[in-house]
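The values are calculated or read from the model by the stated rules, or taken from the named source; none is laboratory data. Quantities reported herein were computed from a predicted structural model and do not represent experimental measurements. Please note: Cβ atoms are built from the backbone with ideal geometry, for glycine as well, and neighbour counts cover all protein chains shown.
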Amino acid sequence: MDPEGRHTVRRTSIILWCVAIGTMAAGLSCSSPTSRGVHWEALPGPYALNVSAVHPLGTGMTVFAGLTNGETAVSFDAGKSWSYRTPVARGYPVGGFTPDPDDRNGIYAMTERGLFRSTDSARTWQVVPLTPPGQLPIAVLSFTYDPWKPERRFIGTEGHGIFRSTDAGATWHPVPQQKDSLLAFATVWTIVVDPGRPDRILAAAGTFGLLTSTDGGDTWTALARGATQLGARSTHLLIHPRESNTLLLGTDAGSIFRTTNGGELWSPVHPGAAGNTIRSLHGDPHLAGVVYAGTRKGLLVSRDFGESWQSLGAGLPKLSAAAVPAPAGTRLFAFGSAIGLLSSLDRGATWAPADDQLGGATATLLVFDPADAGYFAAAGDALIHFRPDSARWLPVGEGLNGGQVTSISIDPRQRHYMYATTVAGTFRSTDAGMHWQEFARSIPATPTLLVQHPWFPTRMLASTDRGIFNSTDRGATWRESRPSGKTPPARSFSFLPSNAGSVFAPASPSAVLITADGGISWEVTRYGLGTDSLSFVTLDPTDTKVMYAWTAAGTCYRSLTAGTEWSRFSPPWEMTDRVLFGRDQQDPSSFVALVNDRVVFLTIDGGTTWTRTFEQTLPGTPVSLAWHAGHGVLIAGVRDRGVFRLRLAAFLPHTQEAPKNYPKSTDY
């Protein structure tokens, strides 16, 4: 076959028979004998990791949930089962819910696309007009109403201050603006009406701090300057139910301040911490002094209205969470990017899952755990783990800060050692991901990828926007790889099993990096490569000169000269097809391609030949794949629907069923 032509696709005779009779019997489908009984199986969860808002009603048996993709769901049994309602603004997170005080079936939803209202318990939604037609929508962050005059309502916006309605939400207008108004461009996270003095309105206004009005919102003054006086943006506010001059103010730095004189003097009652933020601040509806605070590092409780704080719930993971109490009961809900949705009937002493059948989980990164044949997944800024004997995904990663996880790798020799990179830094765990510490601080730029060399026990490689860095002492010290300043950022690393010094890395812009000394020095090759963004390199196990470079879109380049020259090479799918790849980080020759979210192709020789193994549509859009050649298992992260598993061991040669024996090498 012409090198520019299409790859050979191995098929069993039964598949060819199906194709032959396909023109005679429309709609007839069949599969190879080995594919019978093979199907995508849903792993139990992870549930509710994309939940952005939870609102219990009454005793908490009825609960509304909003997801980051705009979907809404309702449970009538405190989370034992869920049913989906109509999305609010599809594709935009639901920031919160507030019941309509005049309509038992009415509920408001706050989103980045504005304020929405439902009059039929979230079955349908209508946008609430805040701006003239044709203007861009305003993001709404908070909503409240005057309990003495429910027709008077307030909303806080992102960058546009406060809007007020005096006719029960029929029309809305910005609060009166003075020439030097603090509210002209304020981002208002929380608005509270003083229940003892209805004309007194307070607002947590980000960098502007805490603002107050004593005339129903006509004029405003500052009680505490945010970035100046508090050292952080004000985001959450709570008034003591019996002493309205006692206030708590939470910030985006994880600190909480308290005042007992209406805001003249503030005392720090909870210190801030790197990577922390206050995500929620709620009082217990039955115990006046009890306050729950949700933070990025777990839940806190105070029993003296903020003077002192303790961690809440011995069994609750110390990870990103928000706490919401039911308004007329003892039930407490907690949710976050790692813990899903949990409920407690004893004010946080014990917790039980409340997210069965509630979707909202998107695993953007998947990695196999070689220690127990389980899986790790990154869902946004959370790291979760599934063991073979698990009933559900469990959160790990205490100390893993900095937002979205960009890479995960496991040391193949010391399998309890793991490495992760986030947008804020690099972290290492020595206990299989349970606890993390900052790592590789000497690298002058934040890595987007960090890996342990599979055969050099002391060698590590890291890719940053300033190029590649290497360590020869397990990460204690790092040096820039040669030539200095001329190695572009690598997207992945592929290690040659027959020669531990040979490593290949696709880079951006379109290039392949090659090293013969384990990553200390690199050569950049571009000859024959187009402008495509390359994702990874695969190797032919029988010929070290044959290798393939793959793009995220599914196109391919082949080299017959050990990477010095490249030419376009066509895989067994069309250029217009949607392709998602799943790699085995320890096997550069075996990987899978999921085409159009349905057809699975498998290769064990880097891409020279392919087997069309399976065809079945997933219940959603897959966004990540991971492949384990030794176990013959493929796992897929499906947007907003969790993780699914496919067992393909029957399609592998017998030699693929056992892990490879990696070569013994001496470090350079």
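Based on this model, can you work out whether ALA288 counts as exposed (fewer than 15 other Cβ atoms within 10 Å of the Cβ), touching a Pro at 6+ places or on another chain (Cβ under 6 Å) and of a type in the set (Gly, Ala, Ser)? It is true that ALA288 is exposed (fewer than 15 other Cβ atoms within 10 Å of the Cβ), touching a Pro at 6+ places or on another chain (Cβ under 6 Å) and of a type in the set (Gly, Ala, Ser).
Say whether the condition of being of a type in the set (A, V, I, L, M), farther than 25 Å from PRO87 by Cβ and in the same structural domain as LEU237 (by TED's automatic domain parsing) is met by at least one residue in segment 155-171. Yes; the residues of segment 155-171 include at least one that is of a type in the set (A, V, I, L, M), farther than 25 Å from PRO87 by Cβ and in the same structural domain as LEU237 (by TED's automatic domain parsing). Checking each residue in segment 241-283 for being small (Gly, Ala, Ser) and not in a loop (DSSP other than H, G, I, E, B) picks out GLY250, SER267, SER280, GLY283. Would you call ASP381 assigned by TED's automatic domain parsing to the domain that holds GLY70, touching a residue at least 12 places away in the same chain (Cβ under 8 Å) and surrounded by fewer than 24 Cβ atoms within 10 Å (Cβ to Cβ)? It is false that ASP381 is assigned by TED's automatic domain parsing to the domain that holds GLY70, touching a residue at least 12 places away in the same chain (Cβ under 8 Å) and surrounded by fewer than 24 Cβ atoms within 10 Å (Cβ to Cβ). Does segment 353-361 include one or more residues that are surrounded by fewer than 22 Cβ atoms within 10 Å (Cβ to Cβ), in a loop (DSSP other than H, G, I, E, B) and either out of contact with any Leu (no Cβ under 8 Å at 6 or more places or on another chain) or at pLDDT below 90 (or both)? Yes, the conditions are met somewhere in segment 353-361. Considering SER343, SER308, the condition of being outside any loop (DSSP other than H, G, I, E, B) and assigned by TED's automatic domain parsing to the domain that holds GLY95 is satisfied by SER343 alone.
Reported count of residues in segment 328-352, each being of a type outside the set (A, V, I, L, M, F, W, C), more than 20 Å from the chain's Cα centre (by Cα) and under 27 Å from GLU71 (Cβ atoms), is 4. Considering only segment 153-172, state which residues are assigned to a loop (DSSP other than H, G, I, E, B) and more than 16 Å from GLY106 (Cα to Cα). Once the filter is applied, which keeps residues that are assigned to a loop (DSSP other than H, G, I, E, B) and more than 16 Å from GLY106 (Cα to Cα), segment 153-172 yields GLU158, GLY159, HIS160, GLY161, THR166, THR171, TRP172. Restricting to segment 382-398, name every residue that is part of a loop (DSSP other than H, G, I, E, B) and of a type in the set (Gly, Ala, Ser). Within segment 382-398, SER390, ALA391, GLY397 qualify. If you go through segment 102-127 and keep only what is more than 27 Å from the chain's Cα centre (by Cα), of a type in the set (Ser, Thr, Tyr) and not in a loop (DSSP other than H, G, I, E, B), you end up with just SER118. Do we find a residue being in a loop (DSSP other than H, G, I, E, B), closer than 18 Å to GLU151 by Cβ and either at pLDDT below 95 or not small (Gly, Ala, Ser) (or both) anywhere in segment 78-101? Within segment 78-101, one or more residues are in a loop (DSSP other than H, G, I, E, B), closer than 18 Å to GLU151 by Cβ and either at pLDDT below 95 or not small (Gly, Ala, Ser) (or both). Give the residue, chosen from THR487, THR472, THR426, that is crowded, with 19+ Cβ neighbours inside 10 Å and under 21 Å from the mean Cα position of the chain (by Cα). When all the criteria are applied, what remains is THR426. Out of LEU594, LEU602, LEU513, one residue alone is over 22 Å from ILE635 (Cα atoms), among the aliphatic types (A, V, I, L, M) and modelled with pLDDT of 95 or more. It is LEU513. Can we say ALA139 is touching an Asp or Glu at 6+ places or on another chain (Cβ under 6 Å) and of a type in the set (A, V, I, L, M)? So ALA139 passes the test. Once segment 633-653 is narrowed to residues that are outside any strand (DSSP E or B) and in contact (Cβ under 8 Å) with a residue 40 or more places away in the chain, the residue that is surrounded by the fewest Cβ atoms within 10 Å (Cβ to Cβ) is PRO653.
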